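In what follows, a structure is listed as structure tokens, so that the remarks can point back to it.
The values are calculated or read from the model by the stated rules, or taken from the named source; none is laboratory data. In this text, all values refer to a predicted model and were calculated from it rather than measured experimentally. Glycine also receives a Cβ, built like all others from the backbone with ideal geometry; neighbour counts cover every protein chain displayed.
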Amino acid sequence: MLKTEIKTVLAAARIRGWVSEPDAKGLLSASGLEVPRFIAVTDPRQIEPVASDLEFPLAAKIVSGRIVHKSDVGGVRTGIKSIRELTEVFETFSRLDGFEAMLIEQMVSGLELIIGAKMDDQFGPVILLGMGGTGVEIYQDVSLRMAPVGTEDVEAMIKGLKAAPLLSGYRGQQAVNRDELIRTLVCFSEFVMAAADMIESIDLNPVMCSEEKCIVADARIILPPVEDLTAG
Amino acid sequence: MQNTCVPSNGPSMESRPAAWDFKRLFHPKTVAVVGVSLKRDRHPANVIFNKIHLRYPVDVFAVNPGGGDLFGQKVYTGIQDLPQPVDLAIIAVRAEYTLDTLRDCIDAGVGGATIISGGFAEVGRIDLQQQLADLARQHDFPFIGPNCLGIYVPDRIDTFFIPSERMIRPVSGKVALVSQSGGVLVDQMTKFAEQGIGFSLGVSIGNKALVRELDLLEYLASDPGTGVLAFYIEGFARGEGRDFVQAARRCPKPVIVLKSGKTSEGMRAVSSHTASMAGDYAVFSAVLAQHGIVEAVNELELVSFCEALSCYRKPIDGRVGIISPSGGHGALAVDICSRHGLSIPAFNQEQQSKIRADLSSSVQPIASLTNPIDLTGSATDGDFMAAAEYLARSPELDAIIVLLLPYTPEITSDLGARLSRVCRRHNKPLIAYVPHVERYRMLIEGFEFNGVPVSPSIKGAVLMVKALKRNKPC
């Protein structure tokens, strides 16, 4: 059943080349991953009723078919404290390329990790875990494994990170809930195996990991170019 | 811990062919060399025929449609005319004749072939290569190549078109090396021979049209003559890497891989962080480690790993004790160990006095015993034995490196054999460094013939310990 849902959403996004953030989060949530509460608005008049349902501060992100890396174009705002501020952000976003909607989302805190997947030509689906945020490619602190991964694989992946001590509560900082992180990666691996022949790569970045939970704050599912898709 | 999410199976990859019978191919009693030349004396097929005829314990027949006489031996006009059934056909005819030759081999009940000839996928003739593979697969007929050197089995056969006097051959032993490149195989054989590491089989698989790394992995896993499997790999076909690593994990013997093309990444622009950070080589390396395959990052590692793993199988944590007659050598070894993730636990005062009690009176006051142990240039065989005995018993260590400088005046040529016995008795891996100079041969062989690997460099000795650390339980 999950597979059917994945297929439907991915097929609909084929022409665009990647899955929009709300759709991606919907799929991940259905696969057992935690995502923040979010609502998409297409009209500034929707902001007030929607925001009253959430708790400030909030985050806002652009939904656009033409923008893959939202923060590169100023399409992500965090720490929004009022409805007025939300409305201003909406005005700004609506002038960006290909604006479709604005995502209003509950802010989450924790250690920023990246969880990713890639279809490798020689080895098939591969899972990545690393230190996340906008600096991922500067630090390049990542562990890779061939999917599917089990508990032991994930333990070894965590151990393999240079920043592993940060996850266990370095110098008085709060530790990451290891069982939740393992559960998140194993669920993600299952999702990746189910979607393997339909995706090219996935970034969940950042995944905010705290003592309680691991929450996927942003998700990007890249699809293979249409000519590469095989039947099925 | 069981999660709600249960990992599922991977997507189905390339379909697997039937397992071939490689026995006749790799251990032939009768061999045919097809495509000898009566006009060109140094034709590759002539070189092959000549060396097999003169050097190997097999019956060999030359084949050329024109018939005649080569080096005083009869040339047969076709494989069907040979007086005996043939186990191995070495095919060195021009590319356009290979398909007919292969068909003749199959019809004549030949056991397998190596196709030396070039002129296939490497020059764009993928179609011709595919026809060979299709025909062979239809008849469960194994062939190596095309565009390869073929096989080398010590004292049994080699199909290399390299004159005997130009080849350096490893002795008979436990390591099998499968190489996509013939040049790399020949070069590695030289290095293995220099190190005294024995081969069970060397195969250059060339364009690997039919028999590929995975097939040989599966064959060698159950080949009683092979103890260590080594591969030089340039790349896998789509999805093939997944099958290979899964089979390697099931293999009850150590598997070592040297990969080339580490720096060439995909040319396609990538739009995700994951795709950018999970480049071809990064994935390759991580996936090997995940499946307990030992990755050698260069040729020195390949040779060292093969030697170490053909002596010791048990994986270790990498807690090393070092014994030497020179403080400098000990310090150099410590530096290299820490660079390669190996630890050197220090002995406390109590432990040190226990070691000191067993040393000779001249060494007792001057030896430094923290680990690395420096027995000084006055050390005798007895001092080395006493230190080795203590280290071999120590539960804090799981490997010992002994750095031997044979110019220290008090040690004898028997020390290699004697130290080997101590460590074997306690079942603790011992690795030796001895400068490879001809006059120390007896000392070196004292180690080697007792199953202790010897490296001519300190770094090589450390890499041998690293190989044990990386090995999977098997």
**OP:** Read through the list (1) free of Cβ contacts under 8 Å to residues at least 60 places away in the same chain; (2) within 30 Å of B:Phe449 (Cα to Cα); (3) touching a Phe, Trp or Tyr at 6+ places or on another chain (Cβ under 8 Å), then give the number of the only condition that B:Arg166 fails.
**Re:** (3)
Original post:
In segment A:70-113, what count of residues is obtained for those that are of a type outside the set (Val, Ile, Thr) and not in a strand (DSSP E or B)?
Top reply: 22
Original post:
In this structure, does B:Phe244 turn out to be at the interface with chain A (Cβ under 9 Å from one of its Cβ atoms) and free of Cβ contacts under 8 Å to residues at least 40 places away in the same chain?
Top reply: yes
Subject >> So A:Glu91, is it within 14 Å of chain B (Cβ to nearest Cβ), in contact (Cβ under 8 Å) with a residue 24 or more places away in the chain and of a type in the set (Asp, Glu) >> reply: no
Subject >> Number of the condition not met by B:Val228 [criteria: (1) at pLDDT 95 or above; (2) out of contact with any Lys or Arg (no Cβ under 8 Å at 6 or more places or on another chain); (3) surrounded by 20 or more Cβ atoms within 10 Å (Cβ to Cβ)] >> reply: (2)
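For (1) surrounded by fewer than 24 Cβ atoms within 10 Å (Cβ to Cβ); (2) in contact (Cβ under 8 Å) with a residue 12 or more places away in the chain; (3) outside any helix (DSSP H, G or I); (4) aromatic (Phe, Trp, Tyr), each residue gets a yes or a no:
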{"site": "B:Thr408", "(1), (2), (3), (4)": "yes, yes, yes, no"}
{"site": "B:Gly416", "(1), (2), (3), (4)": "no, yes, no, no"}
{"site": "B:Ile431", "(1), (2), (3), (4)": "no, yes, yes, no"}
{"site": "B:Arg441", "(1), (2), (3), (4)": "yes, no, no, no"}
{"site": "B:Asn450", "(1), (2), (3), (4)": "yes, yes, yes, no"}
{"site": "B:Val462", "(1), (2), (3), (4)": "no, yes, no, no"}
**OP:** Check segment B:315-324 and report whether any residue there is assigned by TED's automatic domain parsing to the domain that holds B:Ser455, free of Cβ contacts under 8 Å to residues at least 40 places away in the same chain and of a type outside the set (D, E, K, R).
**Re:** no
Subject >> Residues that are over 18 Å from the mean Cα position of the chain (by Cα) and of a type in the set (A, V, I, L, M, F, W, C), drawn from segment A:83-127 >> reply: A:Ile83, A:Leu86, A:Val89, A:Phe90, A:Phe93, A:Leu96, A:Phe99, A:Phe123
Original post:
In segment B:215-300, which strands (runs of 3 or more DSSP E) lie fully inside it and hold 1 or more residues that are among the aromatic types (Phe, Trp, Tyr) and touching a Ser or Thr at 6+ places or on another chain (Cβ under 8 Å)?
Top reply: B:228-233
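Checking the structure you have, find out if any residue of segment A:24-32 is within 14 Å of A:Ser82 (Cα to Cα), modelled with pLDDT under 95 and over 13 Å from the mean Cα position of the chain (by Cα). Explain how you work it out, then say what you get.
Taking segment A:24-32 first, the residues within 14 Å of A:Ser82 (Cα to Cα) are none.
No, the conditions are met nowhere in segment A:24-32.
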**OP:** Could you please find all residues in segment B:171-225 being surrounded by 23 or more Cβ atoms within 10 Å (Cβ to Cβ), among the β-branched types (Val, Ile, Thr) and either within 26 Å of B:Val437 (Cβ to Cβ) or out of contact with any Lys or Arg (no Cβ under 8 Å at 6 or more places or on another chain) (or both)?
**Re:** B:Val175, B:Val178, B:Ile197, B:Val203, B:Val211
Original post:
Which condition does B:Ala269 not pass, out of (1) surrounded by fewer than 23 Cβ atoms within 10 Å (Cβ to Cβ); (2) at pLDDT 90 or above; (3) within 12 Å of chain A (Cβ to nearest Cβ), if it passes all the others?
Top reply: (2)
Original post:
Which one of these does A:Trp18 not meet: (1) under 29 Å from A:Glu190 (Cβ atoms); (2) away from every other protein chain (no Cβ under 14 Å); (3) surrounded by 16 or more Cβ atoms within 10 Å (Cβ to Cβ); (4) within 15 Å of the chain's Cα centre (by Cα)?
Top reply: (2)
Original post:
Can you tell me which residues in segment A:101-148 are over 27 Å from A:Ile67 (Cα atoms) and either more than 7 Å from every other protein chain (Cβ to nearest Cβ) or not aliphatic (A, V, I, L, M) (or both)?
Top reply: A:Gln122, A:Phe123, A:Gly124, A:Ser143, A:Arg145, A:Ala147, A:Pro148
**OP:** Only residues that are within 14 Å of another protein chain (Cβ to nearest Cβ) and of a type in the set (Val, Ile, Thr): list them for segment A:163-203, please.
**Re:** A:Ile182, A:Thr184, A:Val186, A:Val192, A:Ile199, A:Ile202
Original post:
List pairs: first in segment B:172-185 and over 17 Å from B:Glu122 (Cβ atoms), second part of a strand (DSSP E or B) and among the polar types (S, T, N, Q), Cβ under 7 Å, 6+ apart or cross-chain?
Top reply: B:Gly173/B:Ser200; B:Lys174/B:Ser200; B:Val175/B:Ser200; B:Ala176/B:Ser200
**OP:** Please find, among B:Asp59, B:Asp140, B:Asp41, B:Asp134, the residue that is touching a strand residue (DSSP E or B) at 6+ places or on another chain (Cβ under 6 Å) and of a type in the set (D, E, K, R).
**Re:** B:Asp59
